[in-house]
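The values are calculated or read from the model by the stated rules, or taken from the named source; none is laboratory data. As the structure is a prediction and not an experimental result, all values here were calculated from the model. Note that each Cβ is placed from the backbone with ideal geometry, even for glycine, and that neighbours are counted across all protein chains shown. Heads up: the accessible areas ignore ligands, DNA and RNA and are worked out on the full protein's heavy atoms, side chains in. Shrake-Rupley method; radii C 1.70, N 1.55, O 1.52, S 1.80 Å.
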Amino acid sequence: MGSLGSHYEEENSSSNTANPLNPEEFRRQGHMIIDFIVDYYQNMEKYPVLSQVQPGYLAKLLPKSALNIPEPIETILHDIQQYIIPGITHWESPNYFAYFPTSSSIAGFLGEVLSTGFNVVGFNWISSPAATELEFVTMDWLGQMLGLPQSFLFSGVGGGVIQGTTCEAILCTLVAARDQMLAKVGRENIGKLVFYGSDQTHCALLKAAKVAGLESFLCATIGTTSTTAVDPIRSLSEVTKEYGMWIHVDAGYARSACICPEYRHFIDGVENVNSFSFNAHKWFFTTLDCCCLWVKDPGALTKSLSTSPEYLKNNASDSKQVVDYKDWQITLSRRFRSMKLWLVLRSYGVENLRNFLRSHVKMAKRFQQLVESDNRFEVVVPRNFAMVCFRALPTRLKKEPNGCNIESGNIEAKLIDQEYANDFIRNLLETMNASGKVFMTHTIVEGIYVIRFAVGATLTEDKHVIKAWEVVQETVDDMLATK
């Protein structure tokens, strides 16, 4: 009876279950999803940029467990509109100026759709030759656009790979550098290895070092996260060469600007480094995730990361004439990320991409001019790319704490004044973000609380930059009036 009942249930279940890849239903739902996303983009400015929900909001709105019966896509999209969108911080909003915006595009979005549609798992060449070969062709194209030396390209002796994020890229190069150094000094000396970075280096370096162990490694940065500062690549590389150290350049945000000739001076000396990475998903109109990593010596990477279990062996890999990207990364499986990057390069062309980036820099310059035109504010660090770091000046906040004359040069008075100014600017930022009109983030530079204004969202125009400055001024006026 048990087996008969089971057989009946299986037949009954299969007769009521539609194929999850039915072509006509796929077409119908696909059109609905595209229309939904387009409507979302058209209505983007109606939403608060920073989500206004409280922690735990979603669990209260959704069922306690998954349903046993299917629901139509219409119902699901309705719930996304009602429950999910209020909990989204709108990274593509033209009023988004926080962190580093993720500039997307039609080509980037549709490339992601194609990549997901093919759904290949391109861990080695034979698993999908086009996925591998499109990646190294696209990485050579992009490397040439960025002005990388031939030594970093497949057409030379190097090569490029698309990782998920900067964290992965740094970890891969860190492991390769560690093993390269240990081959010289002996593995028993692993405890003597160290890594170097500045107080502005991305926190990914610290995380990678924890995973890999300390080592002889230097991570320089072009466009730091806090302030977009630029490390002197040439002088640093001369030091690392003297000591036989691996030097990696993290240009996660700013490297895309170097497709413009006027910004190439920022990578002066790159021919002397071992590896180089930047995130195409940050400021290059390609959807998350897409971190481009180039190495001069691919063999150093594959020696540390290669695996060759019997079930993955094949004649193509054994011939050593193909690239097996599984040996260039931490994970085995990998997505067809090059598809979206390839579409971006082909759909817009080099000159248009340059102009897009230049327009963002121009808007950042405009915001900088607005800051400098108001004597209550100052630009804290030089602007290198499309981000402005600014604050309200302590001496303009009409505050004399504890009776101290803040113009007197008294050190104690200045310290008290700085603490007050930091609190004021922190409250200013929180108030602006809570309004939903804009979203910016902060950093701290030598004890000074600074607001970061990063231009990079694809939909941002001059009017949004001007509006953002008006929000800053109005919020400060209100705060000073109620002191």
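Assess whether Arg366 counts as being surrounded by 15 or more Cβ atoms within 10 Å (Cβ to Cβ), at pLDDT below 95 and of a type outside the set (Ser, Thr, Tyr). No, not satisfied.
Results for (1) open to solvent by 40 Å² or more (accessible area, probe 1.4 Å); (2) farther than 15 Å from Leu142 by Cβ, shown as yes or no for each residue.
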position	(1), (2)
Ala257	no, no
Val273	no, yes
Phe278	no, no
Leu288	yes, yes
Cys291	no, no
Pro298	no, yes
Ser304	no, yes
Tyr325	no, yes
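When Gly223 is tested against (1) in contact with a Cys (Cβ under 6 Å, 6 or more places away or on another chain); (2) at positive phi, only condition (1) is not met.
Take the stretch 349-382 and flag every residue that is assigned to a helix (DSSP H, G or I) and either closer than 18 Å to Asn279 by Cα or among the β-branched types (Val, Ile, Thr) (or both). Passing the criteria: Val350, Leu353, Arg354, Phe356, Leu357, Arg358, His360, Val361, Val371. Within the stretch 33-55, residues that are modelled with pLDDT of 95 or more have Cβ atoms under 7 Å from residues that are open to solvent by 70 Å² or more (accessible area, probe 1.4 Å) and part of a helix (DSSP H, G or I) in no pair, counting only partners at least 6 apart in sequence or on another chain. For Arg335, the stated conditions do not hold, so it cannot be described as modelled with pLDDT of 90 or more and open to solvent by 70 Å² or more (accessible area, probe 1.4 Å).
Looking across the stretch 223-275, just one residue is part of a helix (DSSP H, G or I), within 19 Å of the chain's Cα centre (by Cα) and hydroxyl-bearing (Ser, Thr, Tyr), and that is Ser256.
Cβ separations smaller than 6 Å between residues 6+ apart or across chains give the following pairs from the stretch 350-368 residues that are touching a residue at least 12 places away in the same chain (Cβ under 8 Å) to residues that are surrounded by 15 or more Cβ atoms within 10 Å (Cβ to Cβ) and assigned to a helix (DSSP H, G or I): Val350/Met145; Arg354/Ile259; Leu357/Ala257; Met363/Val465; Arg366/Val465; Phe367/Val465.
The condition (being at pLDDT 90 or above, in contact with a His (Cβ under 9 Å, 6 or more places away or on another chain) and charged (D, E, K, R)) is satisfied by just one residue among Asp268, Asp250: Asp250.
Residues of the stretch 199-233 that are modelled with pLDDT of 75 or more and loosely packed, with under 14 Cβ neighbours inside 10 Å: Pro232 alone. Inspect all residues belonging to the stretch 426-446 and state whether any of them is hydroxyl-bearing (Ser, Thr, Tyr), open to solvent by 20 Å² or more (accessible area, probe 1.4 Å) and either at negative phi or not in a helix (DSSP H, G or I) (or both). Yes, the conditions are met somewhere in the stretch 426-446. Checking each residue in the stretch 155-164 for being more than 21 Å from the chain's Cα centre (by Cα) and surrounded by 18 or more Cβ atoms within 10 Å (Cβ to Cβ) picks out Gly158, Gly159. If you check Val121, Val137, Val53 for being assigned to a loop (DSSP other than H, G, I, E, B) and within 28 Å of Ser317 (Cβ to Cβ), only one passes: Val121.
Of Gly143, Gly160, all but one fail to be in contact (Cβ under 8 Å) with a residue 60 or more places away in the chain and not in a helix (DSSP H, G or I); the exception is Gly160. For the stretch 90-106, a residue qualifies if it is open to solvent by 10 Å² or more (accessible area, probe 1.4 Å) and either modelled with pLDDT of 95 or more or in contact with a strand residue (DSSP E or B) (Cβ under 7 Å, 6 or more places away or on another chain) (or both), and the qualifying residues are Tyr99, Phe100. Taking the stretch 226-283 as the range and being farther than 23 Å from Val157 by Cβ, touching a Cys at 6+ places or on another chain (Cβ under 9 Å) and among the aliphatic types (A, V, I, L, M) as the test, only Ala280 passes.
Of all the criteria given as (1) of a type in the set (A, V, I, L, M); (2) surrounded by fewer than 21 Cβ atoms within 10 Å (Cβ to Cβ); (3) within 26 Å of Leu345 (Cβ to Cβ); (4) touching a residue at least 12 places away in the same chain (Cβ under 8 Å), the one not satisfied by Ala130 is (4). Evaluated against (1) under 20 Å from the mean Cα position of the chain (by Cα); (2) assigned to a helix (DSSP H, G or I), Asp199 falls short on exactly one condition, (2).
For the stretch 343-361, the condition of being touching a helix residue (DSSP H, G or I) at 6+ places or on another chain (Cβ under 6 Å), within 19 Å of Pro129 (Cα to Cα) and surrounded by 15 or more Cβ atoms within 10 Å (Cβ to Cβ) holds for at least one residue.
I want to confirm something. Restricting to the stretch 167-196 and keeping residues that are in contact with a Ser or Thr (Cβ under 7 Å, 6 or more places away or on another chain) and part of a loop (DSSP other than H, G, I, E, B), which single residue is surrounded by the most Cβ atoms within 10 Å (Cβ to Cβ)? Restricting to residues being in contact with a Ser or Thr (Cβ under 7 Å, 6 or more places away or on another chain) and part of a loop (DSSP other than H, G, I, E, B), the top hit is Leu193. Filtered by the rule that a residue be under 19 Å from Lys46 (Cβ atoms), of a type in the set (A, V, I, L, M) and not in a loop (DSSP other than H, G, I, E, B), the stretch 58-113 gives Leu77, Ile80, Ile84, Ile85.
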